[in-house]
Amino acid sequence: MENKMFCYQCQETAGCAGCTQMGVCGKKPEVAAMQDLLVYVTKGLSAITTQLRAEGKEVPADVNHLITLNLFITITNANFDKEAIVERIDMTLAKKRKMLALTDSTDSLPEAARWDCKGREGYVGKAAQVGVLSTKDEDVRSLRELITYGLKGLSAYSKHANALLEEDEEVDAFLQSALAKTQDDRLGVEDLVALALETGKYGVSGMALLDKANTSAYGNPEMTKVNIGVGTRPAILVSGHDLRDLEMLLEQTKGTGIDVYTHSEMLPAHYYPAFKKYSHFVGNYGNAWWKQKEEFESFNGPILMTTNCIVPPKDSYKDRLYTTGAAGYPGCKHIPGKIGEEKDFSQIIAHARMCQPPVELERGEIIGGFAHNQVMALADTVVEAVKSGAIKKFVVMAGCDGRAKSRNYYTDFAKALPNDTVILTAGCAKYKYNKLDLGDIGGIPRVLDAGQCNDSYSLAVIALKLKEVFGLDDINDLPIIYNIAWYEQKAVIVLLALLYLGVKNIHLGPTLPAFLSENVAKVLVENFNIAGIGTVEEDMQLFFGEER
C-alpha cells in the first residue's frame, strides 16, 4: 500500500515502525505533510539565523520565538489544525525573506534556506519531497531525526520559559544551529552522534532555564497533598504544561463562582506556593492524557488545552474544548495571545457558567511536590535512610503514559518493588502508580513526584547532589535504577540530557524508539548500555537479584 504519510516520532507509531496511512495519534496525512513542510522551512530559517550570528549580526527575539513555537506545534498531539500550521508556514517564509536579505552571502546556505513559494499552491508538492524519508541513508536519517526530536522537546521547554519572560540566547542559538546541521550532508554518523550529545547538553540548560522561570514566578514546589475529588460549582479543566496560562485563567476566574481543576501534566501546578492563594483552585481531575475522552465528557465544563496531549475529541464535548499556545484542533475555539500579552479567557469563563459541575470520579488525595529544592530540604533524612539501609535503591520511573496495554508493566513493576525502594518520577508516567498507596519509609513517601516531564531536571539535580553527598566519582555508582517510559519528543530531550550527564544503564519502554536504526541503537548500547524492558519478573531479577 502506498504511503500517504510517514511519521515515527512517538512510541505508539504503527507497528513500532511508522505511521503511513494515518497517525495513531489521529493526525491526518494532509496535516502530517504540512508539519513536515513547517519543520523544513524552520530548518531553513535556522540556517539563516545561524549565518547571521556568524556574521556578527543580531537575531531578534521574535525570530527565536517563531522558530521555537514552530517546532513545538509539530510535537505529537499538539496541533491537528492544518490551517493553523499553514499560517505558520506563511509567517516563516515571510520572515525568511527578510532575514535572508540581511546576510552577506547566500552561497553556503542549504536549499531549505533559499526555497520560497509565493503562494500556497506549491506547499503540497514540496512537503512530499522533504519529509523524514527524504534522507536516504538510514543511519544518518536516524540521527537527524533523533536530534530534531530532541530539539522539539527543547523548544517546548524554551517556549514555557519565554512565556515567563525568561530567555537564553545560547540555547536559542544552539537550537537553530543544530536544526541547520540536520540539513548538512557533509556531516556523517560520527558528527551527528556528537551533535546528539551536544543537544543533551543544551537540554540540561533549557530545563534549568525553565526551572528558574517557574520557581522565580511561583516559588519552589513543596510537598503538597492534592485533592482528587470534586466540588459543587461549575468549573474549567486545564490540561497541558503552561503555568502562565493557568495563572492568567486563575486571575480572571477569581470571584466568578467558577472553580478550576488540573488534568494530567498540569497536576504539579498545585505544588507551587503561588497557586495556593486561589481558593477556587480545587484539585486534580482524572488521570493521564490518554483517558481524556471519558474524563472530559464527565467533567461537564469547558476544557483548556495549553499544550500537547490532545486526543481527537468526541462530538459530545468538542464544543467545550478550547486551545491556546501551540495547541490546536479544527473546529475548536483557539484563544490567541503572544508572549508578554494577557490572554482573554472571558469566552471560556462564560461557557463554564452555563455548565453543570463535574461528575465525581474518585475521592481522596495524592501527594507530590518533590522537586530538587524540597528533596534537598529532606536531604539529611534521605541520606540517613540510605546509610542505615532503610532505603536500598531509588528507581527513576519518569516519562510518559500512553494507551498501549503493555504500559501496565509500569504499574506491575511499581507494585513488585521491594519495600526498601523509592520511586523518583516526573511526567505523566506517574499515573501508573501514584494512586497505589505504596506507603513511606521513615516518613519519606515511596513515590517522590518532582512534577511535569520538564521537571526531570530535578531528578538529575537530585542525583548529582547525592553523588556529591556520598563522595562518589561516578554518577553511575549511586544506588539508582533508570526504568523510564517514553512517548514523545520531550522524553527524547530528557534522554539526551541524561546521556550528556553520563548516566548509563537506562532502560526504555515499553518499546525502543522506531527512529533508532540498528546501527544507531548499537552505538547507544555500546556507549551507554541503553536497553529495553523485559517482563516484570525478569527485570526484578535483573535490577535486584538476590536482594529481593
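Just so it is clear, none of the values below were taken in a lab; they were calculated from the coordinates. These numbers come from a predicted model, not from an experiment. Note that we place each Cβ from the backbone using ideal geometry, even for glycine, and neighbour counts take in every protein chain shown.
Considering only Cα-Cα distances, which of the following residue pairs are longer than 30 Å: Lys415/Lys522; Lys118/Lys181; Lys4/Lys405? Listed pairs above 30 Å: Lys415/Lys522.
Based on the Cβ-Cβ distance of Leu102 and Leu165, what FRET efficiency does E = 1/(1 + (r/R0)^6) give at R0 = 45 Å, to the nearest 0.05? With R0 = 45 Å, the Cβ-Cβ based efficiency is 0.95. Wrap a convex hull around the Cα atoms of segment 71-223, take a quarter of its surface area, and give that in square nanometres. Directional mean of the projected Cα hull area for segment 71-223 stands at 11.4 nm².
In units of the compact-protein estimate 2.2 N^0.38 Å, segment 506-548 shows a Cα radius of gyration of 1.33.
Applying 1/(1 + (r/R0)^6) with R0 = 22 Å to the Cβ-Cβ distance of Thr256 and Ser298, what FRET efficiency is obtained, to the nearest 0.05?
So, using R0 = 22 Å, E works out to roughly 0.50.
Given in Å, the Rg to one decimal and the Dmax to the nearest whole number for the Cα atoms of segment 224-353 are 13.2, 37. As an equivalent ellipsoid, segment 282-401 spans semi-axes of 37, 18, 14 angstrom, where each value is the square root of five times an eigenvalue of the C-alpha gyration tensor, largest first. On the basis of the beta-carbon distance and an R0 of 35 Å, Leu133 and Leu436 show a calculated FRET efficiency of 0.25. When only the Cβ of Lys, Arg, Asp and Glu is charged (+1, +1, -1, -1), the dipole of the chain relative to its Cα centre reaches about 1180 debye.
Label separation (Lys522 vs Ile444): 4.2 nm, computed from points 7 Å beyond Cα along the C-beta direction. Size of segment 1-94: Rg and Dmax of its alpha carbons, in Å, are 15.1, 50. Selection among Gly509, Val523, Leu417 by position relative to the dipole of segment 369-547 gives Gly509 as farthest towards the positive end (Cβ unit charges, Cα centre).
If I stretch the segment between Asp380 and Leu361 completely, what's the gain in nm (0.36 nm per residue apart, minus their alpha carbon distance), one decimal?
3.0 nm
Shape summary: segment 73-144 maps onto an equivalent ellipsoid whose semi-axes, from the alpha-carbon gyration tensor, are 22, 20, 12 Å in decreasing order. In the chain, the ratio of gyration radius to Kirkwood radius, Rg to Rh, stands at 0.95 when only Cα atoms are counted. The convex hull of the Cα atoms of segment 369-547, projected and averaged over all directions, covers 9.8 nm².
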